Each structure stands twice: as C-alpha cells, then as structure tokens.
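The values are calculated or read from the model by the stated rules, or taken from the named source; none is laboratory data. From a predicted model like this one, the values you see are computed outputs, not experimental measurements. Every residue, glycine as well, gets a Cβ built from its backbone with ideal geometry; the counts of neighbours run over all protein chains shown. In case anyone asks, the SASA skips ligands and DNA or RNA and just uses the protein heavy atoms, side chains included. Shrake-Rupley method; radii C 1.70, N 1.55, O 1.52, S 1.80 Å.
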Amino acid sequence: MADAKWPKAGDRSLIGKRISRLDGPEKVTGSAQYAYDVNLPGLLYAKLVTSAHAKGKIIAIDLSDAESSSGVKAVWKDEGMVGGEIRYVGQVLGAVAAETEEQATEAALKVNVDYEVQQPQVVDSDSQFATGRESKRESGDIEAGLKEADVVAEGKYGLPVITHCCLEPHGQTAEVRDGELYIWPSTQNVSRYADGMDDAVGIPRSKTHVDCQYMGGGFGSKFGSDKWGTLCSQLAKETGRPVKLLLDRNIELMIAGNRPSAYGEFKVGIKNDGTITAFQANVWGTGGVGGYGMRWLPYIYEKIPHTLVTTRGIRTNRGGQRAWRAPAHPQCALLTMSALEDAAAKIKMDALEFFRHNIQLTDKPDVYLEELEIAADLIGYKEKSHLRGEGTPGSVKRGLGISLHRWGGLGHPSECDLSINPDGSVTAEIGTQDLGTGARTVIAIVVGETLGLPIEAITVRIGRNSYPASGASGGSTTVGGTSTASRLASTSALNELLKIVAPHLGVSADALEAKQGVIREINQPTNAIQWTDACSLLGTNTLVKRGVNDRNESRAKGFIDSNVGGVQIADVSVDTETGIVTMNQMVAVQDCGLIIDMKTAESQVFGALIMGITSALYEEALYDAETGVMLNADMEFYRLAGIKDIGNLKVHMMTGKKYEDRGVIGLGEPPVISPAAAISNAVANACGVRVPYLPLTPDRVLDALEKGGIA
Amino acid sequence: MKSFEYSAPNTIEEAIESLGNRWGETEIMAGGTDLVTSLKQRITAPQRVVSLKNISTLREIHESSDLIQIGAMTTLADLSNHSTIQKHFPSLVEAARSISSPQILNAGTLGGDLCQRPRCWYFRNGYGLLAQNGGKSLIPAGDNRYHAIFGNDGPAYFVSASSLGPPLIALGASVSVVGADGKSRQIALDDFFRIPKSESERETSLKPNEILTAIHIPLSGLNNSVYEIRHRHGLDWPYATAAVAFKLSGSKASDVRIVLGHVAPTPWLASKAGKSLEGAEVTMSSAAHCAQSATQGAKTLSGNAYKVPMVKTSVKRAILIAAGIQMKG
C-alpha cells in the first residue's frame, strides 16, 4: 500500500523539481479567458455610479436622464443612500447597464446626484488626527530598558497607504439562465465567492455557479463578491441578459482595497556592544474608512526585554483597507528594521554583525543565522559593505541594507476528488483558484508524483464552486491545503487500485508501488503492469476518492506546517544630486518547508521582490486634502516598477531535510515583507542619512540629504 | 467617452474646414496617445475629431544645407531613427528615446508632443486647466509636487509635458502653422508656447482651427544635449529636464541656449544661465556656475522645492554631455 506521507528526497520524481506552470502557454498567447474576456450573446455592460465627493450627505439621486440615455437597459440606485452619509470618493450609489460600454459610461454620468458636501479628512501622516482608541502593549520596564542602554537612538519612520493595484480589476460577468445564476468573477475565493449573494439576488446557492479559471492578481483584495458583484448579478436577473461589470482603473484604485499606512516615533536602547535593551514605539496610520492595527512591533526581534508600543488609527475619508499580502508585516518590518539599523549606525556597528549579535531575540535564531550567511555570500557583503555613509566618494553612493521577516502559511481546509478512469486518465477536482501562482501545476505535480505518472497525464480541474470545497487563497494557505488534499485523495485512490491489481500480479497490495507509469512489485520491479492496463481492470467504474485536509491532523502528521523565516539584502545606488535611487541587486533567501515546484516557488519570490521594490520606490495613494479626491488613481502617477527598475534579483530557497521534513508551507506572503525595509536600510547605508518615509522618491531623498547636511 | 463624429481628411485645406472655431467643439488627432486618454477621461468631449493621419505631406522630412524641415506627423520613432537628426541633434534623439515606450514612440508624433495637454492631476481629475474649485486654484494649498517652479505667478501652475519642446527651442527651431485662411505662418517655437491666463485659453498660440504642420531646425553646428531626471527607467514623466545647445570653438561656448522642461507651464528658456556660459570655457566649474544661475527666479510651491536642485543637476550634466566632458561619480 502507498503511504500518503511526503516522499523522502531520493524518492521524488516530480516534487521539488523545476517545472514550468501548466497554464503558462494559455496566458502568454492570450487564450486564457479572464472575467473580462467572457463574452456571451446579448451581453450588456454595467458601470457604477459613484460618489464624486468624499464626505457629506446624499440629498437625492435622480435617474431620469440616465434612464432615457441611449442603449440603457437597466438603472439602479441605492435607495438606502438617499439621505445617507458619504464617506469617501467612489462610494457606490448605483449602477446602469447598457448595450455598449460607452453607453453605460455615458448613462452613469447622467445620473444626477444632489450632495450636501462637507470638508473631508484624508491626511494620515500627522499624529494629531489619530483619534482612534489607543492600543498599548508592553513587556518588561521600558524606562529601565532605556536607562540600561549606552545609547538611545531616536527616529521617525513611515510608509503610506498603497493599493493592491491588481492588473485585472475587480468584477465579474454574470448570466441568469433557467432560474440559475452563472458567474465568472475574478476571485481568490471560488468556493465561497457567492456567499451572501443568494438573498440579494434571490437565487439559492445551490443554483449559483461560479467559474474562475484565471485571474490577474488579488493580493488579499478579492475574497468576496462585493457590492458591485451582487449588483452585476441583480442586473443580469432584472434584464434577463448577461451583464459584465468590472471596475474602471480609477475606481479600482479608490474603492477596491488598500494597505494601511503606518507612521511612528521610535526609541531604541542599545549597549555599546550592540545588544538591544529597549524598544519604544508610538505608531499611527489609516485604513481609510476601515479598521486599523499594527500588531507586530517590534518585528522579528520580539524578545527585546523592554518594549512599549502604542498604536492609534486615523479614520479618513478614503476607501477601506483590505488584507494586503502579509497584512501589517511589511509595515512592521520597515518600522522595526529602520529603527534597529539606525541604532546600529549610531554606535558605528556593521548592520549584519548587529542583526546577528541580537539573533537570540528572534524566535528562530538558527534559521535566520543560516539565511543571513547565505544572503551575505550571494550579495558579496564582505566586499561591498561599509559603515553608514562611509562609501566611495562622488555623487553616486552605493549601499547595502538587510531585513528579516517571518510568516505562518499553514495550509487551509481543502477537499479534493481524485478520479481514476478505466482508460487510465486521471482527474483531480478542487474548488480552489490559481491566482497566477501555480496552484494548477502544484496539484498536477502532487498527483503525478503519487501515481507515478507524468504531469501531462493529470487533468486538474479547479476554479468552480461545484468542485469539492477549498479555502480562500489568502495568508499563504493554498499550497499546503491543496497539496495535502490532493496527496490524500490520490494516495487513497491508488491504494484502491492496488487492491484490484494485486491479484493479477500475484502479490498483496502492500507489496506494490506506482512508479514511472507502471504498477509494480516493490521488491521485484519486473513484475509489473502498465498504468493503463491496470486501470482497465476497473471495468466500467471510475474510481473516485476524496482527500480532506484537516489542518490540525495534517500538521500533526507532517503534511503541512507554519512559521517560516526569510532574509533579504538590497544593494542600491543613490544619486545624491538627483535623489534617484537605483536598484543594483536584491537577494532573497527563503524557507518554506517542502517545496513542491522549485520554479513556481522561485517565481513567487521574484514577483514578491518586484512588488516590494515598487512599494519602496514608487507607490503611494495620494489624496487631495481639500477635495478628498485621489489624485493618482491611474497607472501614470501611481507608479509600478518596470523591468529596468528592479536590478538583478537572486532567489535562494532553503532546502534539505531540516526544512523539508516540516512538510509544505505557504510562500505567497513572506518574500514581500522585507524588500522595502532592506531597500530603506540600503539607502541609509549608501548616503549616510535615513530617508524616513517611503516611497523613496527623489524629493524625499534630496530633503533628507539636505537636512542631514550632506547635499 | 462621448460619441463623436470622426473625420480623416486627405488635405490640410479639408482638415482646416472640418475644424470649429471654438476650443472643445472639435479636436485634432495626430498619434492619439494623449487625445484618446483625454477623451476617456472627459478632459474634452468634442463633437468631431479630425485625424491628420491621411495627410501624407505632414509626414515628410526635407533637408537643405542649412535647415531641416520635419512634418508634424512624423512619429517619434521615425524622428529618432533619421540619420541627419542622429548626426546633428543627439538631444532630439535622446529626448524622444527617453519616452521609452515603443508604443508611444511608434504612434506618437512630433507635432503631438508639442501640442499635448498637461498631465496636471487636477486637470486630469476634471478641475480644468487652471485647476480651480469654486473660482480658486487648488494648487497652492494642494499637492503641487509636480507643478511649476517658474512662470507660476498664476493662474496656471501646471508644467508643459512636451519632451521635444525644450531641445527644439534650444536649437532655435520654429514651426509652421496653417490658419483658417489657409495661409501658413512661421513662429519661433519659443513663441508658440503660451501660459494661459484664463480657462478659455490653451497652452500654445494655436487657434482652434489652426494646424501645426512642420518644424524647422537650423543646421548650425551646435553641440546639443538633453538631460532628464525621471524616476522610472521606463515610461515616466520627468521631474525636470534641461536642454542645451551651444557652439563650441576650442573649449569656449557661444550662442548658448538653455531650456528647461517640466518646471514651467511652457518649456522655460533660462536666459541668464545661457548668458553666464556665453564666451566661457566649458569646464566642470563653469557648468556648475551656469547650472546655479539656471535656478535664479525659481519660485517654489509648498511641495516642489526639490525641483530646484534637480534643475541645477540637469543643466550641469546637460552642458557636460554636450561638451563631451566625462562626468565623475
């Protein structure tokens, strides 16, 4: 009988190899169909009617001009909003559906909204607006800790609100046919996307069909159907025609989620030998109209004996925050790593030496020490490093910066049906989704590995809520959940097949294994039967087995685990005459347990580095204080890094028994946590002065240089 | 975007006839890289769009011994690949290529670059060219990090978005404009750009029913260069640019013209800086001195003081590049 336990290093034929993602060709050639690509006969286009003001009241919404606008088939307004409060620009007030996208846009502009406008509050960088309830956490005695220190480094650091900026906006195409609702959304949560839509639309969940085969990014912002999704379904029902509603880019950036800002004043107590004694932080920021929390301070060095951290939120008239890839971690990493590195610089201690010296203050010193050493080697730390500001002469300065991070990543609950057909074909069905990360490929690898088949032999069906339920892809939980469920399902199906095959090979099922396309006797591999011949023994019956990932059980059995560590080092150049920061190189060393596909794992880290570099150098949601309008709700001044901006990226994944024995651990979030912190430290190391606030735009760099007396 | 009538005439005369005499009624389309976005953003909602793409004479390039005449519909890609331009005007090649996007280089035109509307985010968010809300400019108290530090006495605070304007002015270029009467007139490019005084004006001296047809650049043997400071290495708007042109005799500079980009509502002629280099030997220190004088008269707003050191750096580096002096560091 086959054992479901992950195979040992020497026994793996597919797991851990470099395998290209299965849907790469579809994506590259454009044949992959995304929500926007779903075109059905009679399709209508819907557009949202949104608030033009950030604060105030709605006095009236008049639809008459929109109703008579050409091509319009349905107009809807949110009656509940009449007399209601406006809290941010872009708030949904209604929707129109028309024959063409242009007609829908035109009609939406003709919905006349009468406002009573009030002065909005969008400023988040000033602590005077922090009126939310204070959350306070402390350990030890902060005053004693600061007194114990030889040096106390003080600093202010911060990073602004940024958006998810998914290349594919939020939204869906929907159709009601024969009383059943069909939805093609862009979602991170196929199995439960339609939750809550049944009441609003009046079609039960059992008659609601969700289909998302490909999606262009979610990063934590696409777990639900949202008001616009429900509206789209309602309009489809009302008109009896399919309706497409995806957000325009400006609205996408304003209302479809953002990452909270974090600003703070810090004190770090440090002894002359580099030992950290105390960490004090007073932090504030905004999640727009959403809640606020910065839980992970101090970050990584959480065993600093004396700490006092207070945080307060600022309510602003901006769209609400949503989970953004590793919620609160990138912010806490930037704040902590900047404060710690500034303390090291103050006593003229090398940053690498400093982070190592204090490694016992972290929860996994051995992992971090190993990773720091590898990262330092890969970046050429010994040759390139220098103390802060003591680099080469000339106007362009080069520097290195370090950051450490951690994440959970325990696989989510997930189920998988594995079918072995009499013709030898194999199908895995899971109600999961592929965010572009390689979920399909991972499932095929696991099933192929288990059944001794090449991945081409496996049909993977995902992206529908009719398949066995799987969790939302959030928190780096998908790879653990789907790999375990598909491993359990395929092992169980294989064992059933082995029982059928055993009499034909004259041995017991226990003596058999499935390898290289055959089922064979373990001790006498020549006693074998081809896979397809074995499957033909099923007669007319398809063998179907379900695998269920129960988090606790799977963790106890070593299928999955949580809590990984990573180290990143950035190498930057700063032109001190222009303030432009250029990425030379970035190294990421990452632990994530047993790696199913080395190639997609590395790709995940590359993507995270690029996203992190973008947040370090470019991204910021900018709002006008007087009008509350987002000024850069476009991809022109909401800048993202391009290929020329990212420098040379190196990724090293931790492998070997120590890591692999832990089982599978998610990788989506961890590598995106450190880039900004490492880059900010590298800029400080290069030019000799801390640029306190991200993004590291030339104006901020020049300002910091001038204040530091350097420019 | 609002529905409109589309016209693509074959001759300049027909095109002129198709144009209305009030701004906004009709719009001219060259490459469309700005216009199409503007239509989508509702910056303009004309009844008719007049495309110049079928007028082949507008894509011609003519050369004589002392002049090159470039049709306004010449694409930026064709401009930067033209051998005479490459030989004499590295500043134009650099300015065009700095736009970086192959799509824009292939579709965008020289005339379009000069006539494109500003990128001011208040303008693009529907507050009009002068960014006014209730009769008051939003810019002095608003987010003006990308706004003007020269020519910003108001009511205009935006910066000219043109990439080719500054180097062309430095080279002493002029433009041909055909008016409603069908007659062509020639204007120095420096005079072509205007700072609007009211919402009903635009950023050039073109009238609504006039067409920019050609750009003339004297072949006068000037050393020339442009230096852009921008954040992304790919497609991005510069924070500041400097274009310089001068005659170099031995190591001495004469006929110096220094023109700044992205710091004023028009390309900005830094005459004092030009004078400070006139007759001087071009060295690291004279370039730095000249660069310093290029910042004279700058009036910063609440969020754009950083543009002053950028002007200094871009002028200094542009001079050194034009003179072929290696920069250190």
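In region B:313-329, which residues are in contact with a strand residue (DSSP E or B) (Cβ under 9 Å, 6 or more places away or on another chain) and either within 11 Å of chain A (Cβ to nearest Cβ) or open to solvent by 60 Å² or more (accessible area, probe 1.4 Å) (or both)?
Hits for region B:313-329 are B:313, B:314, B:316, B:317, B:321, B:324, B:329.
Would you pick out the residues in region A:563-600 that are open to solvent by 10 Å² or more (accessible area, probe 1.4 Å), within 22 Å of residue A:369 (Cα to Cα) and not in a loop (DSSP other than H, G, I, E, B)?
A:585, the sole residue that qualifies.
Would you check which residues across region B:234-256 are surrounded by fewer than 22 Cβ atoms within 10 Å (Cβ to Cβ) and in a strand (DSSP E or B) and list them?
Of everything in region B:234-256, those that are surrounded by fewer than 22 Cβ atoms within 10 Å (Cβ to Cβ) and in a strand (DSSP E or B) turn out to be B:247, B:248, B:249, B:252, B:254, B:255.
Mind counting the residues in region A:601-634 that are among the charged types (D, E, K, R) and open to solvent by less than 10 Å² (accessible area, probe 1.4 Å)?
The number of residues fulfilling the criteria is 2.
Quick one: in region A:195-222, which of the residues that are hydrophobic (A, V, I, L, M, F, W, C) and in contact with a helix residue (DSSP H, G or I) (Cβ under 6 Å, 6 or more places away or on another chain) is nearest to residue A:321 (Cα to Cα)?
If we take residues in region A:195-222 being hydrophobic (A, V, I, L, M, F, W, C) and in contact with a helix residue (DSSP H, G or I) (Cβ under 6 Å, 6 or more places away or on another chain), then A:197 is nearest to residue A:321 (Cα to Cα).
So residue B:293 fits all but one of (1) open to solvent by 20 Å² or more (accessible area, probe 1.4 Å); (2) free of Cβ contacts under 8 Å to residues at least 24 places away in the same chain; what number is the exception?
Every condition holds for residue B:293 apart from (1).
Cβ-Cβ below 8 Å, separation at least six or inter-chain, first residue in region A:615-627 and closer than 14 Å to residue A:259 by Cα and facing chain B (nearest Cβ under 8 Å), second assigned to a loop (DSSP other than H, G, I, E, B) and open to solvent by less than 10 Å² (accessible area, probe 1.4 Å): which pairs?
A:622/A:631; A:622/A:632
Kindly provide the set of residues from region B:135-191 that are surrounded by 22 or more Cβ atoms within 10 Å (Cβ to Cβ), closer than 22 Å to residue B:255 by Cβ and aliphatic (A, V, I, L, M), ordered by number.
B:164, B:168, B:169, B:170, B:171, B:173, B:175, B:189
In region A:37-92, what count of residues is obtained for those that are among the small types (Gly, Ala, Ser) and in contact with a Leu (Cβ under 7 Å, 6 or more places away or on another chain)?
Adding up the residues that qualify gives 3.
Taking into account only those residues within region A:152-209 that are free of Cβ contacts under 8 Å to residues at least 40 places away in the same chain and among the β-branched types (Val, Ile, Thr), which is surrounded by the fewest Cβ atoms within 10 Å (Cβ to Cβ)?
Taking the candidates together, the pick is A:203.
Might you check whether a residue that is more than 10 Å from chain B (Cβ to nearest Cβ), within 29 Å of residue A:560 (Cα to Cα) and of a type in the set (Phe, Trp, Tyr) occurs anywhere in region A:649-666?
Yes, the conditions are met somewhere in region A:649-666.
Does residue A:333 satisfy the condition of being in contact with a strand residue (DSSP E or B) (Cβ under 6 Å, 6 or more places away or on another chain), under 24 Å from residue A:409 (Cβ atoms), among the small types (Gly, Ala, Ser) and modelled with pLDDT of 95 or more?
The answer is yes for residue A:333.
So residue A:500 clears everything in (1) more than 26 Å from residue A:601 (Cβ to Cβ); (2) open to solvent by less than 40 Å² (accessible area, probe 1.4 Å) except one condition, right? Which one?
(2)
Among the strands (runs of 3 or more DSSP E) contained in region A:57-142, which hold 3 or more residues that are under 30 Å from residue A:293 (Cβ atoms)?
Filter on region A:57-142 gives A:135-139.
Show the residue pairs that are 6+ apart or on different chains and have beta-carbon atoms under 6 Å apart, the first residue being within region B:98-115 and of a type in the set (Asp, Glu), the second being open to solvent by 10 Å² or more (accessible area, probe 1.4 Å).
From region B:98-115, the pairs are B:113/B:163.
Run residue B:231 past the list (1) outside any loop (DSSP other than H, G, I, E, B); (2) free of Cβ contacts under 8 Å to residues at least 40 places away in the same chain and report the number of the one that doesn't hold.
Going through (1) outside any loop (DSSP other than H, G, I, E, B); (2) free of Cβ contacts under 8 Å to residues at least 40 places away in the same chain one by one, residue B:231 breaks only (1).
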